[in-house]
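Take this structure, written in structure tokens, and hold onto it; I'll ask about it next.
The values are calculated or read from the model by the stated rules, or taken from the named source; none is laboratory data. All values reported here derive from a predicted model rather than from experimental measurement. Quick reminder, even Gly has a Cβ in these numbers, built from the backbone with ideal geometry, and neighbours come from all protein chains shown.
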Amino acid sequence: MSDDEIATVSYPKGELLKNGQYVIIDEIGEGGFGKVYLVEDTNNANEKRALKILTRNLLDNDELLYTIDEINLLRDMENNFIIKYYDCFRHDHKACLVTNYCEGGDLDDKIDAYKTNKKQFTEEQIYIWLCQMLDGLSYLHNRNIIHRDIKPANIFLHENLIKLGDLGLARSLASIQKSSKFAGTINYLCPELIENNELYFASDIWSVGCVLYELICLKMAFDGRGYYQIIKAIVEKDPPKIETSPRLQFVLNKTLMKLPDDRLSADALLDFLKSTNE
């Protein structure tokens, strides 16, 4: 079987993985790195989990083993606003990642639904989600972890909480992303990655600003007709002005600064937001 055939293979309902520990219930999604399945964990009272199977053609054998080792290091993380990582293992020459199952979908779907229904998020809801995003990022940054891929499709909803996801994937597959000319959604990339191929904690902050902008007006901060137009806008232009509250405008101003050193940290932004709610 070729790499392309392996990459596109689907697993049927009832398929058993990892010696029967995980039972596939249904395929629930597909992204740039692989397919996502809803599974039951038979070792844990049949708890429902999300299982992402990474496509084989993105990983050679060494990269596969490295990915598994890297993601397994994240299993000890405990934060209400970060996807919980339970397991990572090899199956059919592919890496399989087991996390929380978030029944609320992701922010990308939520934004699309609001666009379709011509609704707007309330400032209170945006404020709550923003604080939760920053709390999760603060937890990561204080442990010297850069997320690398903050965007609505990687922010999940579960029991009225947002959870930052695809963290392990972003870390362990960073070299693959770089070699493929920023594979995936480019609208949330920071200027320093585009210009110098560099990432900092402040790079995550930039992406938070892009997500915040989109939650406020349901439009991307940096968009265009093509790849190079979007890249040029990110590096050279400010996003179009929008109407919002003073506190959310302050956060936009302090996250979407072109120079990383000019952006506030997750802790500083969180302190500011909490002070406005006292």
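Residue 29: in a strand (DSSP E or B), in the same structural domain as residue 85 (by TED's automatic domain parsing) and at pLDDT 80 or above, yes or no?
Yes; evaluated as a whole, the condition is true for this residue.
Conditions (1) at pLDDT below 80; (2) in a loop (DSSP other than H, G, I, E, B); (3) buried (at least 24 other Cβ atoms within 10 Å of the Cβ); (4) of a type in the set (Gly, Ala, Ser), marked per residue:
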residue	(1), (2), (3), (4)
144	no, yes, no, no
148	no, yes, no, no
163	no, no, yes, no
168	yes, no, yes, yes
176	yes, no, no, no
185	yes, yes, no, no
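Select from the range 244-273 the residues that are crowded, with 16+ Cβ neighbours inside 10 Å, assigned to a loop (DSSP other than H, G, I, E, B) and out of contact with any Lys or Arg (no Cβ under 7 Å at 6 or more places or on another chain) and list them in ascending order.
244, 256, 258, 265
Residue-wise test of (1) more than 28 Å from residue 252 (Cα to Cα); (2) in contact with a Leu (Cβ under 8 Å, 6 or more places away or on another chain); (3) not assigned by TED's automatic domain parsing to the domain that holds residue 245.
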site: 81; (1), (2), (3): no, yes, yes
site: 86; (1), (2), (3): yes, no, yes
site: 94; (1), (2), (3): yes, yes, yes
site: 112; (1), (2), (3): no, no, no
site: 120; (1), (2), (3): no, yes, no
site: 123; (1), (2), (3): no, yes, no
site: 127; (1), (2), (3): no, yes, no
site: 130; (1), (2), (3): no, yes, no
site: 133; (1), (2), (3): no, yes, no
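Out of all the residues in the range 198-243, which are part of a loop (DSSP other than H, G, I, E, B), modelled with pLDDT of 95 or more and over 23 Å from residue 109 (Cβ atoms)?
Within the range 198-243, 237, 238, 240, 241, 243 meet the criteria.
List pairs: first in the range 187-208 and without any contact (Cβ under 8 Å) to a residue 24 or more places away in the chain and surrounded by fewer than 20 Cβ atoms within 10 Å (Cβ to Cβ), second among the charged types (D, E, K, R) and not in a loop (DSSP other than H, G, I, E, B), Cβ under 8 Å, 6+ apart or cross-chain?
197/178; 198/192
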